[in-house]
Amino acid sequence: MGNQLNYKDNCYTLADNESVLDCLLREQLSVPHSCKSGVCQSCIMQATDGEIPEKAQVGLKPTFKQRKLFLACQCFPSGDITVANADDAGIDVKAQVKEISQLNHNVIKVSLEPSEPFECEPGQYLTLINPEEAARSYSIANNPEKDGVIELHIRLLENGLMSGWLKNIAKAGDEVILRGPAGNCFYSNDEGDDFPIILSGTGTGLAPLYGIAHEAIAKGHKGEIKLLHGALKEDDLYLIEALQQLDKDNQNFTYTPCVLNGEEGKFYQTGDIQEITIASIPDDKKNTRLFLCGAPEMVNSLKTKAFLGGLSSKNIYVDAFLPSK
Amino acid sequence: MATLYERLGGQPAVEAAVDIFYRKMLADERVNYFFDNTDMDAQIAKQKGFLTMAFGGPNNYTGKSMREGHKHLVEKGLNDTHVDIVIEHLGGTLKELGVADSDIAEVAAIANGARDDVLNR
């Protein structure tokens with residue numbers, strides 16, 4: 001009797017030596033795929049229950065493995081398995097608005113208390129759905145498991161559906177829905193290695209980086225951790241004191257605020273965050289992990305520059321904040 | 001006797017080669033404008049597919065998929081010179097990894113075999 005494959009509330013029986021992908025295709029289901037050789041990664045799926053054979057995760061980033069993502073074409077299960085499309089595996093959880101506070105002139109911090117555990121890693125993102133059914137994605141800036149609340153940094157936009165609601169209407173106790181989590185920008189280090197970490201972002205791209213930095217420090221990361229936060233003007237920076245304190249308290253952590261249109265002789269560096277980030281890449285390029293979050297033009301351009309500068313493609317984690325349409 | 005793919009080191013060899021190869025392509029002004037608007041991670045995945053094929057490994061490429069996959073690039077001016085540059089960087093990559101000249105020639109021949117499909121003729 002073959003192993004069972006559960007997918008979207010249906011149960012299929014895997015034939016002998018049949019991959020998860022081939023089984024789903026045989027059942028006439030539409031699953032993205034291309035090379036069928038474990039190389040192109042277009043058939044990536046997530047296991048929500050059951051064991052993933054080692055072979056099905058060869059070549060995937062550590063954060064993918066931790067999320068139980070696997071290549072369906074290389075997955076020949078040794079037992080029953082439940083799988084989902086990589087983007088559908090998240091769940092909806094009700095949450096209450098706990099607190100809304102101002103971080104600077106146009107960024108607010110929103111703390112949400114989920115009604116049941118919302119399993120996620122600091123740096124991943126979730127979709128927030130308000131009572132008016134507006135939905136927007138935000139990065140998780142803290143460790144919710146530890147804190148009991150989920151913290152998001154949200155930029156106030158003119159006519160912003162969600163930010164306007166949070167600023168003008170929402171109050172503590174209001175009910176919202178959290179969907180997710182998703183994303184591969186987070187700290188993962190099962191082997192306890194001491195690789196250098198560079199975290200670089202603009203605007204509220206600081207949120208995931210702030211979460212990742214705290215998580216790496218909390219887990220006793222031994223390698224150096226550099227956080228660079230880019231802003232157009234000085235007053236666009238935020239959490240400055242908290243990050244300066246973190247810098248003081250941790251020998252291996254440095255905080256570098258960067259202001260593009262800044263003045264000389266201040267507490268920040270003046271100039272383009274891309275150049276400052278590239279200049280801060282340590283000698284151990286091969287093992288350095290780079291996390292880039294924020295404006296798409298900045299993260300994509302910096303990603304290419306860092307790769308050409310010698311960083312390994314699998315060590316570059318990017319979260320481009322796409323504007324909502 | 002070991003196949004070409006086995007001699008090169010199989011999938012780990014593809015992993016080792018892909019960054020070197022793609023970095024050469026991105027740094028080369030004669031070809032890098034073809035990659036201007038593409039997502040790097042998606043490109044790396046595609047390059048792994050290409051390298052697996054060129055290394056004589058298991059792959060599902062068909063003439064048809066090669067043609068469709070490069071059609072938009074041919075419209076942007078992709079021609080024989082660019083294919084030559086790809087094969088040049090492929091050779092340079094393998095040289096850096098210490099692969100024997102005879103094996104490099106075999107890889108180049110496989111890559112060259114896809115030339116007409118890639119150029120849609």
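The values are calculated or read from the model by the stated rules, or taken from the named source; none is laboratory data. Since the structure is predicted, the reported quantities are computational estimates derived from the model, not experimental observations. Please note: Cβ atoms are built from the backbone with ideal geometry, for glycine as well, and neighbour counts cover all protein chains shown.
Condition test on A:Cys35, is it assigned to a helix (DSSP H, G or I) and surrounded by 18 or more Cβ atoms within 10 Å (Cβ to Cβ)? No: the conditions fail for A:Cys35.
Would you please name the residue that is modelled with the highest pLDDT, looking only at residues in the stretch A:57-67 that are within 13 Å of chain B (Cβ to nearest Cβ) and under 19 Å from A:Tyr187 (Cα atoms)?
Quick first cut of the stretch A:57-67, residues within 13 Å of chain B (Cβ to nearest Cβ) only: A:57-61, A:63-64.
Next, only the ones that are under 19 Å from A:Tyr187 (Cα atoms) stay: A:57, A:59-61, A:63-64.
On the way: A:Gln57: 92, A:Gly59: 76, A:Leu60: 81, A:Lys61: 79, A:Thr63: 83, A:Phe64: 84.
Looking at the filtered set, the residue picked out is A:Gln57.
Filtered by the rule that a residue be within 14 Å of chain B (Cβ to nearest Cβ) and at pLDDT 95 or above, the stretch A:292-301 gives a lone residue, A:Leu292.
Is it the case, given these coordinates, that A:Tyr255 is among the aromatic types (Phe, Trp, Tyr), touching a strand residue (DSSP E or B) at 6+ places or on another chain (Cβ under 7 Å) and away from chain B (no Cβ under 14 Å)? Here the answer is yes, as A:Tyr255 does meet what is asked. When the stretch A:273-290 is filtered for residues that are away from chain B (no Cβ under 14 Å) and either outside any loop (DSSP other than H, G, I, E, B) or touching a residue at least 40 places away in the same chain (Cβ under 8 Å) (or both), the ones remaining, listed by number, are A:Ile273, A:Gln274, A:Glu275, A:Ile276, A:Thr277, A:Ile278, A:Ala279, A:Ser280, A:Ile281, A:Pro282, A:Asp284, A:Arg289.
Which of the residues spanning the stretch A:131-180 are polar (S, T, N, Q) and in contact with a Pro (Cβ under 8 Å, 6 or more places away or on another chain)?
Within the stretch A:131-180, A:Ser139, A:Asn142, A:Asn143 meet the criteria.
Residues that are part of a helix (DSSP H, G or I), in contact with a strand residue (DSSP E or B) (Cβ under 6 Å, 6 or more places away or on another chain), of a type outside the set (Ser, Thr, Tyr) and within 14 Å of chain B (Cβ to nearest Cβ) do not occur anywhere in the stretch A:85-94. Residues that are outside any helix (DSSP H, G or I) and of a type in the set (Gly, Ala, Ser) were ranked within the stretch A:38-56; the one that is farthest from the other protein chains (Cβ to nearest Cβ) is A:Gly50. If you go through the stretch A:68-83 and keep only what is under 30 Å from A:Glu113 (Cβ atoms) and either modelled with pLDDT of 95 or more or in contact with a Gly (Cβ under 9 Å, 6 or more places away or on another chain) (or both), you end up with just A:Thr82. I'm checking my understanding of the structure. Among residues of the stretch A:1-32 that are part of a loop (DSSP other than H, G, I, E, B) and of a type in the set (Ser, Thr, Tyr), which one is modelled with the highest pLDDT? Residue satisfying both the conditions and the ranking: A:Ser19. For the residues A:Ala231, A:Ala320, A:Ala242, the requirement of being of a type in the set (A, V, I, L, M) and surrounded by 21 or more Cβ atoms within 10 Å (Cβ to Cβ) singles out A:Ala231. Could you count how many residues in the stretch A:302-313 are at the interface with another protein chain (Cβ under 8 Å from one of its Cβ atoms) and part of a helix (DSSP H, G or I)? The total comes to 5.
Table: residues versus (1) surrounded by fewer than 19 Cβ atoms within 10 Å (Cβ to Cβ); (2) within 23 Å of the chain's Cα centre (by Cα); (3) in the same structural domain as A:Cys11 (by TED's automatic domain parsing).
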{"residue": "A:Gln66", "(1), (2), (3)": "yes, yes, yes"}
{"residue": "A:Phe70", "(1), (2), (3)": "no, yes, yes"}
{"residue": "A:Gln74", "(1), (2), (3)": "no, no, yes"}
{"residue": "A:Asp80", "(1), (2), (3)": "yes, no, yes"}
{"residue": "A:Val83", "(1), (2), (3)": "no, yes, yes"}
{"residue": "A:Gln96", "(1), (2), (3)": "yes, yes, no"}
{"residue": "A:Ile100", "(1), (2), (3)": "yes, yes, no"}
{"residue": "A:Asn106", "(1), (2), (3)": "yes, yes, no"}
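In the stretch B:1-95, counting only helices (runs of 4 or more DSSP H) that sit wholly within it, the ones holding 3 or more residues that are within 20 Å of A:Leu60 (Cβ to Cβ), under 15 Å from the mean Cα position of the chain (by Cα) and facing chain A (nearest Cβ under 9 Å) span B:10-27, B:40-54. Listed by position, the helices (runs of 4 or more DSSP H) inside the stretch A:118-232 whose residues that are in contact (Cβ under 8 Å) with a residue 24 or more places away in the chain and under 19 Å from the mean Cα position of the chain (by Cα) number at least 3 are A:144-147, A:206-218. Looking only at residues of the stretch A:17-32 that are within 27 Å of the chain's Cα centre (by Cα) and within 13 Å of another protein chain (Cβ to nearest Cβ), we find that the one that is surrounded by the fewest Cβ atoms within 10 Å (Cβ to Cβ) is A:Pro32.
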